[in-house]
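*Asks:* Structure below; questions to follow.
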RNA sequence: UCCUAAGUAGCUCAGCUGGUUAGAGCAUCUGACUGUUAAUCAGAGGGUCCCUGGUUCGAGCCCAGGCUUGGGAGCCA
């Protein structure tokens, strides 16, 4: 293959009147002369000027939106407005045709709903080009952040046999035949016959295994796919999503919150540094979209201001008990505008409550801590009961405007007896998690960690509003195409 | 899963009280033009009105069931 120059490099080049070759996909072909060419290396297109008088008719006909071409010629300063330079093509070669009657993308605005139906082709649009560049930057930044701090990237299993994690419905992994399932004498499915000799599922969290690693390696993180078979139909849930789960030995909730806040700020700053063009494009896209909304539903800050604001301000740290106090005395609660009124200590917060705290009251990311023990997982460290005898755990959730829960974490219960007691209360079978309890039996130590929903982070940074648009191939109920 | 709105040309959408041959803009095709920026101008083609059943002389429109999608809620990251 002839060596090609990337459009990104050409556009930043000042070395004109030299021969070069570019390859890319045609965005538009105007006036039988001007190709807007994109090769994915950057947001901008390069203009390729075709000498239509000296180009064969059959080549000209095949320069259509979506076609892949190679063009060779001289890089010159552009005669027209709108671009600094362009390539005066001596020759254009069609690499891959694109039938204009059938290619669904047009040089115009498409709805995100339509693009979701052609997820295999939506990469070709500016918007998704930008989204996946930002996603890539965030992903890399996460590894860099932890690597700089000496964390070990640990691969926790995707197939797990423990069904005691209690984090929701799981996808079963099996090789048993559906039509002739082996049964035990009592008529139940005989998983002894199954591939693993027991019931197995796709992971809903790498946390428990992560804790095992942290109790030897000190500081670990996982970053991998996670699966939930919940019938969730929202803009914030996927059946397959990516989660970052750090786990730190000799750390308490305070350290945990600091780590999470540092991580979020670090990766947001990284994306802003590395993807200025992409974020500018997405900011503009969002601004255009906001224009079509009624005034009272528009956000106060544009995308860049929102990201900057997040970097420049400390997250608000509030206990659950304080949050309940604020909500109880809030206007929407007193005027009974909440669908679920806040009355008693102990209830779980509804998303309208979280949104009020984040978007109206504090107007910035909020870390809620020390939730009632009754509404949180078994592995969270128990606090001493407060003056009123209320039991709380050392949990923390980080809530973001427009997103809701971005991070959920806790200091873990490292005291064996307290942990066993909690498991009993919550009917979690000890035998199944003997390996987890062993960490508390042998050299237990205070430790803490959290789970960060990667797609929710990408949502926040890109200003997109539907989680199905920030993962290349979204999986959700009734949808696993591509 | 619940509440709610929608499904009409490739895309975005209009379609009157149920009435003859279902429309527009963009896209596509043909021609013209040739320094264009979502090029422009002229013309043409293009429909399982989501599916199944029902009411009716007659259904894109009304009714029932279903499917899918958007938004909200729950579950959560």
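Where a number appears in this text, it was derived from the coordinates with a stated rule and is not lab data. The structure presented is a predicted model; accordingly, all values stated were derived computationally and were not measured. Cβ atoms come from the backbone with ideal geometry, glycine included; neighbour counts cover every protein chain shown.
*Asks:* Please arrange A:410, A:111 by counting, for each residue, the other beta carbons lying within 10 Å of its beta carbon, fewest first. Mind showing how you got there, number by number?
*Replies:* Working: A:410 25, A:111 8.
Ranked by crowding around the Cβ, least crowded first: A:111, A:410.
*Asks:* Okay, helix-only estimate at 222 nm for chain A: each DSSP H run of n ≥ 4 adds -39500 (n - 2.57), divide by all residues, round to 500 deg cm²/dmol; what do you get? Write out the running numbers ahead of the final one.
*Replies:* Working: 14 runs with 144 residues, N = 482.
My calculation for chain A gives -9000 deg cm²/dmol from helical runs alone.
*Asks:* Next question, about the same structure. Does region A:61-127 come out rounded, prolate or oblate by the C-alpha gyration tensor, with a ≥ b ≥ c the root eigenvalues, rounded set by a/c under 1.5 and, if not, prolate when a/b is larger than b/c and oblate if not?
*Replies:* Details: a/c = 2.95, a/b = 1.65, b/c = 1.79.
In terms of gyration-tensor shape, oblate.
*Asks:* Classify chain A from the C-alpha gyration tensor, please: rounded if a/c falls under 1.5, else prolate or oblate depending on whether a/b exceeds b/c. Could the numbers behind the result be given before it?
*Replies:* Working: a/c = 2.27, a/b = 1.74, b/c = 1.31.
Taking the square roots of the gyration eigenvalues as a ≥ b ≥ c, chain A is prolate.
*Asks:* Of A:266, A:340, A:434, how do they rank once you tally other Cβ atoms within 10 Å and put the fewest first?
*Replies:* On the way: A:266 18, A:340 13, A:434 10.
Result, fewest neighbours first: A:434, A:340, A:266.
*Asks:* I would also like to ask the following. Once fully extended, how much extra length lies between residue A:120 and residue A:442, figured as 0.36 nm per residue of separation less the alpha-carbon to alpha-carbon distance?
*Replies:* 110.9 nm
*Asks:* Does a label point 7 Å from the Cα of residue A:189, set along Cα-to-beta-carbon, have any residues of region A:195-224 with amide nitrogen under 14 Å, and which are they?
*Replies:* A:195-202
*Asks:* Normalising by the residue count of region A:7-107, find the relative contact order in percent from Cα pairs under 8 Å and 6+ residues apart.
*Replies:* On the way: 219 pairs, mean separation 29.6, N = 101.
After rounding, I find 29 percent.
*Asks:* Quote the FRET efficiency, to the nearest 0.05, computed for residue A:78 versus residue A:101 with a Förster distance R0 of 30 Å and r equal to the Cβ-Cβ distance.
*Replies:* On the way: r = 32 Å, r/R0 = 1.06.
Efficiency, rounded to the nearest 0.05: 0.40.
*Asks:* Quick one: Cα centre-to-centre distance for region A:205-239 and region A:444-482, in angstrom?
*Replies:* 11 Å
*Asks:* Can you put A:158, A:324 in order, fewest other beta carbons within 10 Å first? Display every interim value, and only then the final one.
*Replies:* Numbers: A:158 14, A:324 20.
Fewest to most other Cβ atoms nearby, the residues stand as A:158, A:324.
*Asks:* Would you mind getting me the FRET efficiency between residue A:196 and residue A:430? Use the beta-carbon distance for r and R0 = 22 Å, nearest 0.05.
*Replies:* Working: r = 21 Å, r/R0 = 0.96.
My answer for the efficiency is 0.55.
*Asks:* Given a cut-off of under 8 Å on Cα pairs at least six residues apart, what relative contact order in percent is computed for chain A?
*Replies:* Numbers: 840 pairs, mean separation 64.9, N = 482.
Contact order relative to length: 13 percent.
*Asks:* What nm value, rounded to one decimal, do you get for the distance between residue A:337 and residue A:57 when each label is placed 7 Å out toward the C-beta?
*Replies:* Between residue A:337 and residue A:57, the simple spin-label model gives 6.9 nm.
*Asks:* Quote to one decimal, in nm, the extra length available between residue A:12 and residue A:319 on full extension: 0.36 nm per residue of separation minus the C-alpha distance between them. Walk me through the numbers on the way to the answer.
*Replies:* On the way: separation 307, 0.36 × 307 = 110.52 nm, distance 5.06 nm.
Contour length minus Cα-Cα distance gives 105.5 nm.
*Asks:* Now for a different question. How far is the Cα center of region A:77-134 from the Cα center of region A:278-346, in Å?
*Replies:* Measuring centre to centre over Cα atoms gives 35 Å.
*Asks:* Something else about it: How many angstrom lie between the C-alpha centres of region A:20-64 and region A:424-440?
*Replies:* Rounded to whole Å, the Cα centres lie 64 Å apart.
*Asks:* Mean separation of Cα pairs under 8 Å and 6+ residues apart, divided by the residue count of region A:166-292: what relative contact order is that in percent?
*Replies:* Once normalised by length, the contact order is 20 percent.
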